Amino acid sequence: MIKRWFVTGTDTEVGKTVASSALLQAANSAGYRTAGYKPVASGSDMTAEGLRNGDALALQANSAVALSYEEVNPYVFAEPTSPHIVSADEGQSIDLARLSAGLRHLEQRADWLLVEGAGGWFTPLSEQHTFADWVQREQLPVILVVGIKLGCINHAVLTAQAIQQAGLQLAGWIANDVTAPGRRHQEYLATLRRMLPAPLLGEIPHLPQPERQALGAYLDLSVLSH
């Protein structure tokens, strides 16, 4: 049976890609044929091969299945802004059916699929739809990445409530130490564990260049709720 997960964050810049890389590495170690999918990415650099987004490249590198860049990231934009703004500006509307078609394709290639969103839960993809609408359409269980910093408790609880109000399963959450732990760090974690209605998969410590580290061992996939 194919396992599918959607990774969202409490905000932008909370380490979704670091957490996604850790999840893929942990699933690889467990013997799954993994594939990472970043349907929409903004904030990209022009290369000899075309526009490339760093988050999508990280998912590609950590997938057990060999994937082309286009399979990982069908919609890529240069400007680091909300997808609905840059896509309208470039006249390239984001079609939810194309997002789903890319997911169907990867389901033929892998048995453990990780889909990484853009920004937070309600990131708009157009004037009509948010990323949350597509996740609801696909009925993907959600893994929430919480960047541990001031304000994260409120953001995490609000996001968890929104996920559940959409009728979706919050399968688990990851604590990502985006800054060096402060004096109240353990109290933040204890509060999040009490208030979030899902298991903690693990804590990723504050690391130099985390994208170059082995991260899978920080997570326990066995506690993912199904």
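Any read-out appearing in this document is the output of simple, stated calculations on the displayed coordinates, not a laboratory observation. From a predicted model like this one, the values you see are computed outputs, not experimental measurements. Ideal geometry is used to build each Cβ from the backbone, glycine not excepted, and the neighbour counts take in all protein chains shown.
One table, with the values for the structure above:
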{"quantity": "Packing-based order for 203-213, 174-184, using average beta carbon neighbours within 10 Å, highest first", "calculated": "174-184, 203-213"}
{"quantity": "Cross-link partners of residue 16 among lysines (Cα-Cα below 18 Å; sequence separation of 8 or more within a chain)", "calculated": "38, 149"}
{"quantity": "Among 28-39, 72-83, the order from most to least packed when residues are scored by Cβ within 10 Å on average", "calculated": "28-39, 72-83"}
{"quantity": "Sorted peptide list for 48-55, 142-149, 194-201, criterion being average Cβ within 10 angstrom, highest first", "calculated": "142-149, 194-201, 48-55"}
{"quantity": "Charge context of residue 145, other residues only, Cβ under 13 angstrom, K/R +1, D/E -1", "calculated": "-4"}
{"quantity": "Linear extension gain, residue 191 paired with residue 161, 0.36 nm per residue minus alpha-carbon span", "calculated": "9.2 nm"}
{"quantity": "Extended-chain gain in nm, criterion 0.36 nm per residue less alpha-carbon gap, residue 81 and residue 68", "calculated": "2.2 nm"}
